[in-house]
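Below is one structure, written out as C-alpha cells, with a few remarks after it.
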Amino acid sequence: MDEILPPDIRKEEEKGIDEYLSEGFNLILSNPKLLIPFIVPLLVNIIYGIYLLEHFFVGWPLVSIKLSETSILNWKQFLIVSIFVVIIIMVFMLWGVEVIAYFVVKERNISKALFFGAKKLPVTFVNYIILLVIVFVFFTPIVVVHSLWFILVYSFLIAVLVSPLVFLLPPIIVEKNFAVIETFVLYKKIFKKSLILGLLYSLVSSAVSSLIPIIGGILNTAIVIPGFVAVYSLLYRDYKEKESGFLPSL
C-alpha cells in the first residue's frame, strides 16, 4: 500500500514553478515598500533614456564619422554620464535585491530588511564582482568565433544558464558573507527548477526590453527583476527548510 502523506507535506512536494511565480510576484505587489531601493534606478533609467533619445534624434555629433573636437568631447561626456548611471543603478539594485531576499528568507519586516540591505551592500558588491568574473569566462568563445548567429544563440544560452546564479546569490548572502561557492552548490542541487525559472526570466526580460526603451527599462526595474528575486528567494527558503540538516553551512 502506498504511503499517504499529510496534506502539508503533499502540498510542499507538489509546489510547482507556477506557484513560485505567483507567490513571488504577489509578495512584491502586496508589499510595494520593498521597491523603495528601486525608485532611484527607475528614475535614473527614465532620465538616461530621455537623454539618449534626445541626442540621437536631434543628431548627435557622437555618431558622426568625422571625429571633430566637438564629437570627441561628446564621446567623453557620454562615457562619463554612462559610467555614472551604471554605478548609481548598480548600488541601488544591489541594495534592493538584498532587501527582498531578507524579507523572504529571514523576517517579514520591511524596515529591518531595508536596513539589512544597506548594511550588507559592500558584501553584496564583492560577491557579485566575484561571480561576474567567473561568468565572463563563459563568454570567451564570443571573442574567438565572429559569427553573428553564433554570438546571439550562445549569448542567450549562457544568459539562461547564468541568470539563476545571479538570483540565488542574494538569499544566500542573507545568511553568509561570501556566498559564491554555496550559490553554485545550491544551483546544482535545484538545477531543474532554477533553469526553468532562468529561461522564463530571459524570455520575459527580453520581451519587456523589446518595448519602447524607457517603458521596457521601467518594467524590468520595477517588476521583473524584483519579482524574480522574490521567486528565487522562496525557492531557496523552501530548499533550506527541507534540507536544513543536509546543508548546515547555509
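Here, each number is a calculation from the coordinates, and none is a lab measurement. Keep in mind that what you see is a predicted model, and the values were worked out from it rather than measured. Virtual Cβ from ideal backbone geometry, glycine too; neighbours counted across all protein chains shown.
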The computed P(r) of the range 7-242 puts the percent of Cα pairs beyond 31 Å at 28
Expected unfolding gain across ARG108-SER30 under the 0.36 nm per residue rule, minus the alpha-carbon gap, is 26.9 nm
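At a Förster distance of 35 Å, what's the computed FRET efficiency of ASP18 paired with ILE134, Cβ-Cβ distance as r, to 0.05?
For R0 = 35 Å, the calculated efficiency reads 0.65.
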Rounded to two decimals, the Rg over Rh value of the range 117-250 from Cα coordinates and the Kirkwood Rh reads 0.99
With DSSP loop assignment and no more than 14 other C-beta atoms within 10 Å, the GluC sites (Glu not before Pro) in the range 165-250 are GLU243
In the range 151-250, the trypsin sites (Lys or Arg not before Pro) that sit in a DSSP loop and have at most 16 other Cβ atoms within 10 Å of their own Cβ are LYS176
